[in-house]
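The values are calculated or read from the model by the stated rules, or taken from the named source; none is laboratory data. Keep in mind that this is a model prediction, so the values were computed, not measured. No Cβ is skipped: glycine too gets one built from the backbone with ideal geometry, and neighbour counts run over all protein chains shown.
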Amino acid sequence: MIRAKQFDKQAVLDEAMQLFWERGFHATSIQDLVDHLGVNRQSLYDTYGGKDQLFMAALERYREIQSVPVRQLLERDAPVREVLRDFFRNSLDSLLGEGKGCFLANAATELATQDPAVAQVCAANARQLEGAFAGLLTRAQQRGEISADHSPLQLARFLMNTASGLAVTVKATRDRKVLNDVVEVALAALDH
């Protein structure tokens, strides 16, 4: 009896995530995955269930990896503007440095209107980030850093939209000044 080749499922998932992130879902074929991952087609199907399921697992993996440092940053005990400026600076560094943008934003723009599962993952991520922003803004209100007239939830949704917009805009321009201008206007919204 022939024994199946063993492979590190997590490492293969991380490699698949990188390939999907770089190329997108539609531009990545099963053969591309087989060639890039060094895992035979049947093993991919047996382990992950197919291209759609592997993509969803990769998208969830990305979300899991990205959420920890973002949450830690937004929960930091520092002035709200400093925390938000650091958040946006780190986001832009990552978006510009990788050159691939944000995998979740890429998936949302490529697939979310056609694939409810992708839309659900993207929406869950947006709610999670929105909640982290709202928590930060509520703490800032309690410390008197922003007006009590502001709705932390509305501001959080605005900041979430700004972050999402930057993830898409960086695909069209890599001009740091343009991107920083967006961040500065977003931070100014805390003053009104």
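At a glance:
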item: Answer from 114, 154 - the residue that is outside any loop (DSSP other than H, G, I, E, B) and either over 12 Å from the mean Cα position of the chain (by Cα) or within 23 Å of residue 20 (Cα to Cα) (or both); result: 154
item: Residue under evaluation residue 137, criteria (1) within 30 Å of residue 20 (Cα to Cα); (2) in a helix (DSSP H, G or I), criterion not met; result: (1)
item: Hits in region 42-60 (condition: at pLDDT below 95 and not β-branched (Val, Ile, Thr)); result: 42, 43, 44, 45, 46, 48, 49, 50
item: When residues of region 39-61 are limited to those that are hydrophobic (A, V, I, L, M, F, W, C) and either under 15 Å from the mean Cα position of the chain (by Cα) or under 25 Å from residue 171 (Cα atoms) (or both), the one surrounded by the fewest Cβ atoms within 10 Å (Cβ to Cβ); result: 57
item: Failed item in (1) over 17 Å from the mean Cα position of the chain (by Cα); (2) farther than 18 Å from residue 56 by Cα; (3) modelled with pLDDT of 95 or more; (4) surrounded by fewer than 15 Cβ atoms within 10 Å (Cβ to Cβ), with residue 186 passing the rest; result: (4)
item: Test: residue 41 is free of Cβ contacts under 8 Å to residues at least 24 places away in the same chain, touching a helix residue (DSSP H, G or I) at 6+ places or on another chain (Cβ under 8 Å) and under 21 Å from residue 8 (Cβ atoms); result: yes
item: Sole residue being farther than 30 Å from residue 52 by Cβ, touching a residue at least 40 places away in the same chain (Cβ under 8 Å) and surrounded by fewer than 19 Cβ atoms within 10 Å (Cβ to Cβ), chosen from 144, 135; result: 135
item: Helices (runs of 4 or more DSSP H) wholly inside region 10-89 that include at least 1 residues being of a type in the set (Ser, Thr, Tyr) and over 30 Å from residue 144 (Cα atoms); result: 41-48, 51-74
item: Residue in region 72-91 that is of a type outside the set (Lys, Arg), at positive phi and either in contact with a helix residue (DSSP H, G or I) (Cβ under 7 Å, 6 or more places away or on another chain) or in contact (Cβ under 8 Å) with a residue 24 or more places away in the chain (or both) present; result: no
item: Region 159-179: number of residues that are in contact (Cβ under 8 Å) with a residue 12 or more places away in the chain and either under 15 Å from the mean Cα position of the chain (by Cα) or surrounded by 15 or more Cβ atoms within 10 Å (Cβ to Cβ) (or both); result: 13
item: Among the residues listed as 134, 156, 140, 126, the single one being in contact with an Asp or Glu (Cβ under 9 Å, 6 or more places away or on another chain) and not β-branched (Val, Ile, Thr); result: 156
item: Among residues of region 8-38, those that are surrounded by fewer than 14 Cβ atoms within 10 Å (Cβ to Cβ) and in contact (Cβ under 8 Å) with a residue 40 or more places away in the chain, counted; result: 1
item: Complete set of residues in region 62-98 that are aliphatic (A, V, I, L, M), buried (at least 17 other Cβ atoms within 10 Å of the Cβ) and within 14 Å of the chain's Cα centre (by Cα); result: 70, 92, 95
item: Lone unmet requirement of (1) in contact (Cβ under 8 Å) with a residue 40 or more places away in the chain; (2) at negative phi; (3) surrounded by 18 or more Cβ atoms within 10 Å (Cβ to Cβ) for residue 101; result: (2)
